């Protein structure tokens, strides 16, 4: 069948919407009519940086839609189910089987290698294959994916809102709730008040952390951070963030989350910790120069990497939706909707900081 998709042909090039061919599903696959897809920084990384993702291809990895067809061997998903798509994993390595699929031994080839498990892509243009992203490529109006790559969700909630739970929002909230696991009245600082950082702030408020400190350079994001649960906000362009964090917390905080990927901010996140503190690095981060003795080891600090919030999507995404329904996790405050044809504008607004979490409506 044919469908419309946003195709990326080369590094840094704008998205182009084309009619592409979608192959028939295999026995373990399903076909989904996409309702909406979030726009994530990881999509921009795959578009703009060499050797991340084989082009040409179809990006998008925060999809939500309705199941229209299921393969002969599929029993976990039914036609008509509302689903959120998340990252792909093998489901059989030690990490997957022990509840840590975000560090699946096949994570990189399954999500960035351009093919589904089995080595094929369901998408093509003019008889030439198009790489698939994160096992889904949600910037397509019809998506073919493995049935084990989706999460069936509550039909009472607006499906168009839910796609970002598959990556960005899951990453921020999960880093707090699944990996760091602070206790009530323990302090935390979040560097970067984008979708990931604000999701972490909301999760920290659910736990009852104190203080919850947000650091950013955009005043409108800091204002929203306060509305969503930050007890203190710091504009990093106007204030010495580390000194202010130590003033607020006296000794520094036991937990920090770094979302920006900026080397200088990574160093600030370590300096903000009290002895034995832990910082979780979740942003796309390059080389950082550290004095391991003075900045890390001498005070027993830890720096850890966290992917996708160390989440099991089939467990964690329904938990986030339940918190949303209770009014405890208002992630709808982060989003702005765009029509599918506005995809390039959505990416520009995300990159400039004008919009926190763009969501594309895939069918107008």
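Average projection, convex hull of the Cα set of region 175-306: 6.9 square nanometres. Subtracting the Cα-Cα distance of residue 223 and residue 124 from 0.36 nm times their residue separation leaves 31.2 nm of extension gain.
Summary of packing: across the peptides 257-269, 237-249, the per-residue average of other C-beta atoms within 10 Å ranks them, highest first, as 257-269, 237-249. Over the chain, the hull volume per residue, using the convex hull of the C-alpha atoms, is 128 Å³.
Taking the alpha carbon gyration tensor of region 220-364, multiplying each eigenvalue by 5 and rooting it gives semi-axes of 31, 18, 17 Å, largest first.
The modelled label-to-label distance for the pair residue 341/residue 17, using points 7 Å beyond Cα in the direction of Cβ, is 0.6 nm.
Suppose R0 equals 56 Å. What FRET efficiency, 1/(1 + (r/R0)^6) with r the Cβ-Cβ distance, do residue 69 and residue 264 give to the nearest 0.05? Walk me through the numbers before you get to the answer.
Values: r = 49 Å, r/R0 = 0.88.
FRET efficiency, residue 69 to residue 264: 0.70.
For the chain, modelled as a GNM whose springs connect Cα atoms under 10 angstrom apart, the maximal fluctuation among 78, 322, 98 occurs at 98.
Could you order the peptides 217-230, 164-177 from most to least packed, using the average number of other C-beta atoms within 10 Å per residue?
The peptides rank, most packed first, as 164-177, 217-230.
Could you tell me which of rounded, prolate or oblate describes region 9-134, using a ≥ b ≥ c as the square roots of the eigenvalues of the alpha-carbon gyration tensor, with rounded for a/c under 1.5 and, failing that, prolate when a/b is larger than b/c and oblate otherwise?
oblate
Taking the 0 to 90 degree range and rounding to the nearest ten, how far is the long axis of helix 195-207 tilted relative to the main principal axis of the chain, both from C-alpha atoms? The two axes meet at around 60 degrees. Treating r as the C-beta distance of residue 76 and residue 315 and R0 as 22 Å, the FRET efficiency rounds to 0.95.
The protection proxy used here, the mean number of other Cβ atoms lying within 10 Å of each residue, ranks peptides 290-299, 142-151, 338-347 as follows, highest first: 142-151, 338-347, 290-299. For the chain, the longest principal axis of the alpha carbon atoms and the long axis of helix 219-228 meet at an angle near 90°.
Each value in this text was obtained by applying a stated rule to the coordinates, not by laboratory testing. Remember, it's a predicted structure, so these values are computed and weren't measured experimentally. Because the Cβ atoms are built from the backbone with ideal geometry, glycine has one as well, and the counts that use them run over all protein chains shown.
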